[in-house]
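S.K.: Here it is, the structure, as structure tokens.
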Amino acid sequence: MFETLSDRLTSVFSSLRGKGRLSEEDINATAREIRLALLEADVALPVVREFIARIKERARGEEVSKALNPAQQVIKIVNDELVEVLGGETRQIRYAKTPPTVIMLAGLQGAGKTTLAGKLAKWLSDQRNTPLLVAADLQRPNAVTQLQVVGERAGASVFAPEPGNGVGDPVEVASLSLEYARRNNHNVVIIDTAGRLGVDTEMMRQAADIRDAVRPDEILFVVDAMIGQDAVNTAQAFLEGVGYDAVALTKLDGDARGGAALSIRHITGRPIMFASTGEKLEDFDLFHPDRMASRILD
Ligand code: GDP
């Protein structure tokens, strides 16, 4: 992941090695190269602009540190700004005061929601939670079965529509699942909702109806990082149509560029909370902006 940007930045930095003080010309040339690297990585233009402006400002104003040569100082500035644009702090789950904590997943079909639901359930179980997966995606014929398979692999219970559980109505399934969770001591409920191939109003309305019925503690927007700028556009559409608290980025393992990861926080104002990096249940963790920045600059 992020190979393109990583390679480009490495060559920018190596051109600074051996330089004494950086002249205005050096700073401008470096900023230009970093700008190209970010654009090539498919980072959204407003994000690139602000990033470059901050790099230039800091490179000009930076106290000359005796411990760092100019190349190292530029690396440090770029690192700090990458951490910032990726969200700064790691965003933790906000648990409800009174269980169950309700986490609702929203996103396009194929984004990796169902897979992520299983990963999240396992991750939560590993931390001594007792999650319940809820199949509120009744759009896709296979979705319920797929969640049951994922639940089994993750060792988590699944609440699925059946007589008495709100057959055919995702809002009812979601609502009934909360009562079920309380009765059966599940302290976290993960609701998998329906996605379509493209953003459409019917899907948005259904997600909004589920949201209004269950009042989630966290709404996670799940998005495929490999779709680059489209991820940012979809993120904006969901923000307006449903709203969400944080983002879960999937398929980072296949994302050689990194544009979505580097743009989404700035454009939506919502932090990236989780990163999914493969098809296995274990390929999943909280998103750590500092570790991700180090990876890019490695
Ligand atoms: P949904 O329609 O949003 O529920 O998406 P799915 O969970 O069914 O995932 C769609 C496809 O993406 C499946 O083939 C998953 O195995 C795959 N997938 C999900 N997450 C990841 C990931 O992090 N990395 C990779 N490489 N594939 C993933």
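Read the figures in this text as sums done on the coordinates, not as results from a lab. These figures come from a predicted structure and were not determined experimentally. Don't worry about glycine lacking a Cβ; one is built from the backbone with ideal geometry, like all the others, and counts go over all protein chains shown.
S.K.: Compute log10 of I(q)/I(0) for the chain with the Debye formula, placing one identical point scatterer on every Cα and leaving out solvent, at q = 0.09, 0.16 Å⁻¹, to two decimals.
M.R.: Summing over Cα pairs of the chain leads to -0.48, -1.14.
S.K.: Would you mind classifying segment 110-229 by shape? Square roots of the alpha carbon gyration tensor eigenvalues, ordered a ≥ b ≥ c; an a/c under 1.5 is rounded, otherwise it is prolate if a/b is larger than b/c and oblate if not.
M.R.: The shape class here is oblate.
S.K.: Which residues among segment 74-116 fall inside the zone where the amide N is under 19 Å from a point 7 Å beyond the Cα of ALA208, along Cα→Cβ?
M.R.: 104-109
S.K.: Moving to a separate point now. Between 0 and 90 degrees, rounded to the nearest ten: what's the tilt of helix 113-126 against the longest Cα principal axis of the chain?
M.R.: 90
S.K.: What is the distance, in nm, between label points placed 7 Å from the Cα along the Cα-to-Cβ direction at GLU24 and at ALA237?
M.R.: Reported label-point gap for GLU24 and ALA237 is 4.6 nm.
S.K.: A follow-up question, please. Distance between Cα centroids, segment 99-174 to segment 191-250: provide it in whole Å.
M.R.: 15
S.K.: If you don't mind, there's one more thing I want to ask. Under the 0.36 nm per residue contour assumption, what length would be gained going from the current alpha-carbon distance of ASP200 and TYR180 to full extension?
M.R.: Length difference between fully extended and current span is 4.1 nm.
S.K.: Provide ARG91, ARG205 in ascending order of the number of other Cβ atoms located within 10 Å of each residue's Cβ, fewest first.
M.R.: Listing ARG91, ARG205 from fewest to most nearby Cβ atoms yields ARG205, ARG91.
S.K.: OK, next. About its Cα centre, how strong a charge dipole does the chain have in debye, to the nearest 20, once Lys and Arg get +1 and Asp and Glu get -1 at the Cβ?
M.R.: Charge dipole, the chain, about its Cα centre: 640 debye, nearest 20.
S.K.: Something else about it: Where does helix 259-268 land angle-wise versus the long Cα axis of the chain, in degrees 0 to 90, nearest 10?
M.R.: 70
S.K.: Can you tell me what percent of all Cα-Cα pairs in segment 1-127 are more than 21 Å apart?
M.R.: Every Cα pair in segment 1-127 considered, those over 21 Å come to 55 percent.
S.K.: Follow-up question, since we're still on this one. How do VAL232, VAL223 rank when sorted from fewest to most other Cβ atoms within 10 Å of their own Cβ?
M.R.: VAL232, VAL223
S.K.: Cα-Cα pairs above 16 Å in segment 224-298: how many percent?
M.R.: 47
S.K.: A further question on this structure: I want to check the label-to-label distance for ASN165 and ARG140. Put each point 7 Å from Cα in the C-beta direction and report it in nm to one decimal.
M.R.: For the pair ASN165/ARG140, the computed spacing is 1.8 nm.
S.K.: Same structure again: Name the most mobile residue of LEU262, LEU133, LEU36, meaning the one with the largest mean-square fluctuation, in a Gaussian network model of the chain with Cα contacts below 10 Å.
M.R.: LEU36
S.K.: As a test of the formula, what do you get for the chain when each DSSP H run with n ≥ 4 contributes -39,500 (n - 2.57) and the sum is divided by the residue count, at 222 nm and rounded to the nearest 500 deg cm²/dmol?
M.R.: Mean residue ellipticity, 222 nm, calculated: -16000 deg cm²/dmol.
S.K.: Report the gain in length on full extension from SER15 to GLU50: 0.36 nm times residue separation, minus Cα-Cα distance, nm rounded to one decimal.
M.R.: Contour length minus the Cα-Cα distance gives 10.3 nm.
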